[in-house]
1. Ala156: in contact with a helix residue (DSSP H, G or I) (Cβ under 6 Å, 6 or more places away or on another chain), among the aliphatic types (A, V, I, L, M) and touching a residue at least 40 places away in the same chain (Cβ under 8 Å), yes or no?
2. For the range 158-175, which residues satisfy the criterion of being farther than 22 Å from Thr221 by Cβ and either touching a strand residue (DSSP E or B) at 6+ places or on another chain (Cβ under 9 Å) or of a type in the set (Lys, Arg) (or both)?
3. Would you pick out the residues in the range 98-112 that are among the charged types (D, E, K, R) and either closer than 11 Å to Cys178 by Cα or assigned to a helix (DSSP H, G or I) (or both)?
4. Which numbered condition in (1) among the small types (Gly, Ala, Ser); (2) closer than 20 Å to Val189 by Cβ; (3) out of contact with any Cys (no Cβ under 9 Å at 6 or more places or on another chain); (4) crowded, with 19+ Cβ neighbours inside 10 Å is the only one that Ala160 fails?
5. Quick check on the range 140-165: of everything there that is among the charged types (D, E, K, R) and in a helix (DSSP H, G or I), which residue is nearest to the chain's Cα centre (by Cα)?
6. Of all residues in the range 226-260, how many are in contact (Cβ under 8 Å) with a residue 24 or more places away in the chain, under 27 Å from Asp82 (Cβ atoms) and not in a strand (DSSP E or B)?
7. Could you check the range 166-219 and list, in sequence order, the residues that are over 17 Å from Gln131 (Cβ atoms), outside any strand (DSSP E or B) and among the small types (Gly, Ala, Ser)?
8. For Val44, which of the numbered conditions (1) farther than 26 Å from Phe191 by Cβ; (2) without any contact (Cβ under 8 Å) to a residue 40 or more places away in the chain fails to hold?
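The values are calculated or read from the model by the stated rules, or taken from the named source; none is laboratory data. None of the values given here were measured: they were computed from a predicted structure. When we count neighbours, we look across all protein chains shown, and the Cβ atoms used for this are built from the backbone with ideal geometry, even at glycine.
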Amino acid sequence: MILDATCQLNYQTTGEVPVIFMLRPRSGWAQWIMREEFHIHPQVSVVEFTDVYGNLCQRTVMPAGDFHLSVQYRVLVPDIVDADLMAMLMPVQNLPTDLLHYLLPSRYCQSDQVAGLAASIVGDAPPTYVQVEKIRTWIHQQVAYEPGASDSTTSALETASKKRGVCRDLAHLGIALCRAIDVPARMVVGFLHELQPMDLHAWFEAFIGGRWFTFDAMHETTRGNRIVVAYGRDAADVALATMFGDFTMQNMKVTVSPVY
């Protein structure tokens, strides 16, 4: 499917505020960026760089007053996500060195504290893709999607205890449980067609059989038609905007629509 996606952000500041935006997706094996526009007002200088996770980041300084940013994309994406029930989990000693940090506990994903829970979920499942799918299914069935049930400080450990949260929390728990069984896992943020309510979305990927697979615990099954914007260890690495000063977000609007 070809998708058109937009994100509009409006801020207000009382003084200059340095900021790093992370709002430009990249073409890759699962998506092709056909068209892209990036607009800011008032016009200020922007410096782009690539972070340690391969994300495109835009660095600038918002002047005092109103600041508006909008992005528009047209992206070719697959209608379904890949799955391979026979893909084997890789022994840690065989993993690529540059993926080892995706095995470690991180700010929101305390994988070292959920090993018992992870073991009880996977049970005697074979050491394949099936174990991660069992984790995803367990989260979908046991953790209620409840807007307002968490905040920006909520961690995977809290979500496992309270059993409610939003997409960010479901992804964090999935990542922590995967790492607890020695499967590299990372956070993904982007757009999902027909997401309700429409907003930026978060899910996770796990490295199985020598490649990354997509998992999303928010729905009964992991759907396709999603646009990836950024990857990281957890939400601390994939914020759409990181501000270094006082600001007020006046509004944010996200749209995703198919191109017929």
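1. Numbers: in contact with a helix residue (DSSP H, G or I) (Cβ under 6 Å, 6 or more places away or on another chain): yes; among the aliphatic types (A, V, I, L, M): yes; touching a residue at least 40 places away in the same chain (Cβ under 8 Å): yes.
Against the criterion (in contact with a helix residue (DSSP H, G or I) (Cβ under 6 Å, 6 or more places away or on another chain), among the aliphatic types (A, V, I, L, M) and touching a residue at least 40 places away in the same chain (Cβ under 8 Å)), Ala156 qualifies.
2. Scanning the range 158-175 gives Glu158, Lys162.
3. Our first condition is that a residue be among the charged types (D, E, K, R); within the range 98-112, this holds for 98, 107, 112.
Scanning the range 98-112 gives Asp98, Asp112.
4. (2)
5. Just the residues of the range 140-165 that are among the charged types (D, E, K, R), to begin with: 146, 151, 158, 162-164.
Cutting the leftovers down to in a helix (DSSP H, G or I) gives us 158, 162.
On the way: Glu158: 19, Lys162: 21 Å.
By that ranking, first place goes to Glu158.
6. Number satisfying all stated conditions: 7.
7. Listed by number, the list holds a single entry, Ala171.
8. Result: Val44 fails condition (1) only.
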